Amino acid sequence: MRESLPLVSVLMPCYNAAQFLKQSIYSVAEQSYDQLEILCVDDGSTDNTLAILEELARENPKIKVFSKANGGASSARNLALEHAQGDYVCMVDSDDMLEADAIESLLNAMLLHDAEAGLFDLYYWDGTSEKSKFKSVPTQGVISGTLATELSLDWSVHGVGMYKASVFTNIRYDESNLHGDELTTRALFLDCNSVAFSSGKYLYRQHDSSSTKAFSMARFGLLENQIKLKALLDSKNVFEQMQSRFCAQLMLCVWSGAVIMRENQAVMTSEQRNQVKRLISQCRDIIKQTFSIKVLQYRPLYLRLLTCSVLSQVCLTPATMAFIALKRILKR
């Protein structure tokens with residue numbers, strides 16, 4: 001590759017990632033596009049993640065290693081951003097994989113459309129040859145940043161991809177909770193004139209040790225983020241055009257939060273339960289202000305019935321109890 005080609009900074013937060021780390025980093029280091037720097041941040045791991053990173057950095061000068069106290073993936077990305085030298089910034093998680101031409105395909109799509117952001121062709125992956133495509137997201141073409149924001153509200157498009165480094169001039173990843181990167185994705189889209197699609201494949205590994213599957217209070221960040229997201233959309237004067245899709249997703253988040261709380265109430269303190277109830281109440285107030293019949297077009301029928309229960313606190317509690325009971329019966 002010619003030196004005149006743009007440098008891509010790949011940011012990789014790493015926390016207790018030893019099981020999949022080498023495979024993930026090799027998939028980046030061996031890309032067909034070689035104008036890369038790979039910034040790996042050990043986020044206070046308690047396994048041998050840092051030792052593996054240091055070993056790989058000795059083997060490959062593209063790999064740069066940083067270490068910090070545990071603060072979450074968003075704080076690790078922010079540290080990497082401070083050291084990134086690239087013209088473009090790409091995010092890869094330390095248990096995921098890129099196919100060999102993924103970055104080249106994505107960069108070419110962005111250059112073709114002069115887009116500030118680009119999205120990989122995302123697949124769920126269990127570590128075998130089996131993989132399933134994330135919804136019906138296109139593999140070519142371009143849309144506006146505003147439309148990408150709207151479609152991301154219910155994840156009709158995802159946020160896994162690459163950005164021009166200049167987009168991060170005034171934006172950093174939200175570190176307040178487990179789902180902070182989702183809020184930041186919408187902020188990034190809103191600062192982009194256009195978002196390109198590509199055929200570059202990103203394999204999003206599914207496994208039981210994933211941080212989004214284990215219970216912690218951080219999981220209720222999805223409710224905090226919806227409140228912050230409404231404020232963001234209001235500040236950019238785009239909320240009105242996105243209101244129905246936003247409300248549909250907010251109803252689903254409230255339903256999910258109520259189910260998570262119900263399933264884990266035995267390990268939660270009364271203070272924690274009250275904290276979640278306050279968040280649900282705040283979100284339900286927003287739903288009451290924004291709900292219209294148009295909201296129901298964004299969900300399959302069974303989800304419409306479930307999420308409509310959030311309109312009434314009287315209905316929400318028995319609905320979640322019945323749902324959890326049915327889940328247990330079906331697992332037998």
Quiz item: Residue check: is residue 319 modelled with pLDDT of 90 or more, in a helix (DSSP H, G or I) and surrounded by 15 or more Cβ atoms within 10 Å (Cβ to Cβ)?
Solution: no
Quiz item: List, please: which pairs have Cβ atoms under 8 Å, are six or more places apart or on different chains, and start with a residue in the range 213-241 that is under 21 Å from residue 257 (Cβ atoms) and of a type in the set (Asp, Glu) and end with one that is open to solvent by 50 Å² or more (accessible area, probe 1.4 Å) and not in a helix (DSSP H, G or I)?
Solution: 224/176
Quiz item: Which ones in the range 118-153 are within 17 Å of residue 249 (Cα to Cα) and in a loop (DSSP other than H, G, I, E, B)?
Solution: 135, 153
Quiz item: Which of the residues spanning the range 282-316 are open to solvent by 70 Å² or more (accessible area, probe 1.4 Å), at pLDDT below 80 and either polar (S, T, N, Q) or not in a helix (DSSP H, G or I) (or both)?
Solution: 313
Quiz prompt | the range 71-89 residues that are under 22 Å from residue 192 (Cβ atoms), paired with ones that are open to solvent by less than 10 Å² (accessible area, probe 1.4 Å) and of a type in the set (Ser, Thr, Tyr) (beta carbon under 6 Å, 6 or more apart) | solution = 84/9; 86/9; 89/9; 89/163
Practice problem: Working carefully through the options 25, 38, find the one that is surrounded by 15 or more Cβ atoms within 10 Å (Cβ to Cβ), touching a residue at least 60 places away in the same chain (Cβ under 8 Å) and closer than 28 Å to residue 105 by Cβ. | Solution: 25
Quiz item: Taking the range 71-83 as the region of interest, how many residues are under 18 Å from residue 165 (Cβ atoms) and open to solvent by 40 Å² or more (accessible area, probe 1.4 Å)?
Solution: 3
Quiz item: Using beta carbons and a limit of 6 Å, which pairs, at least six apart or on different chains, have the first residue in the range 111-138 and under 22 Å from residue 192 (Cα atoms) and the second one of a type in the set (A, V, I, L, M, F, W, C) and open to solvent by 60 Å² or more (accessible area, probe 1.4 Å)?
Solution: 113/142; 115/142
Exercise. Inspect the range 240-254 for any residue being modelled with pLDDT of 90 or more, open to solvent by 70 Å² or more (accessible area, probe 1.4 Å) and assigned to a helix (DSSP H, G or I) and give the result as yes or no.
Key: yes
Quiz item: Considering the range 292-318 alone, what residues qualify as being touching a Leu at 6+ places or on another chain (Cβ under 7 Å) and either without any contact (Cβ under 8 Å) to a residue 24 or more places away in the chain or not aliphatic (A, V, I, L, M) (or both)?
Solution: 304, 307, 309
Quiz item: Just to be sure, is residue 236 open to solvent by 30 Å² or more (accessible area, probe 1.4 Å), in contact with a Leu (Cβ under 7 Å, 6 or more places away or on another chain), farther than 18 Å from residue 179 by Cβ and at pLDDT 80 or above?
Solution: yes
Practice problem: Considering each of 157, 167 in turn, give the residue that is outside any loop (DSSP other than H, G, I, E, B), within 19 Å of residue 187 (Cβ to Cβ), at pLDDT 95 or above and among the hydrophobic types (A, V, I, L, M, F, W, C). | Solution: 167
Quiz item: Does at least one position in the range 55-70 carry a residue that is among the hydroxyl-bearing types (Ser, Thr, Tyr) and either under 20 Å from the mean Cα position of the chain (by Cα) or surrounded by fewer than 18 Cβ atoms within 10 Å (Cβ to Cβ) (or both)?
Solution: yes
Quiz item: Among the residues of the range 118-176, how many are surrounded by 19 or more Cβ atoms within 10 Å (Cβ to Cβ), among the acidic types (Asp, Glu) and in contact with a strand residue (DSSP E or B) (Cβ under 9 Å, 6 or more places away or on another chain)?
Solution: 1
Quiz item: Would you pick out the residues in the range 192-203 that are surrounded by fewer than 20 Cβ atoms within 10 Å (Cβ to Cβ) and either farther than 22 Å from residue 28 by Cα or at pLDDT below 95 (or both)?
Solution: 193, 194
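The values are calculated or read from the model by the stated rules, or taken from the named source; none is laboratory data. Everything quoted here is computed from the prediction, not taken from an experiment. Ideal geometry is used to build each Cβ from the backbone, glycine not excepted, and the neighbour counts take in all protein chains shown. Surface areas here come from the heavy atoms of the whole protein model, side chains and all, with no ligands, DNA or RNA. Shrake-Rupley method; radii C 1.70, N 1.55, O 1.52, S 1.80 Å.
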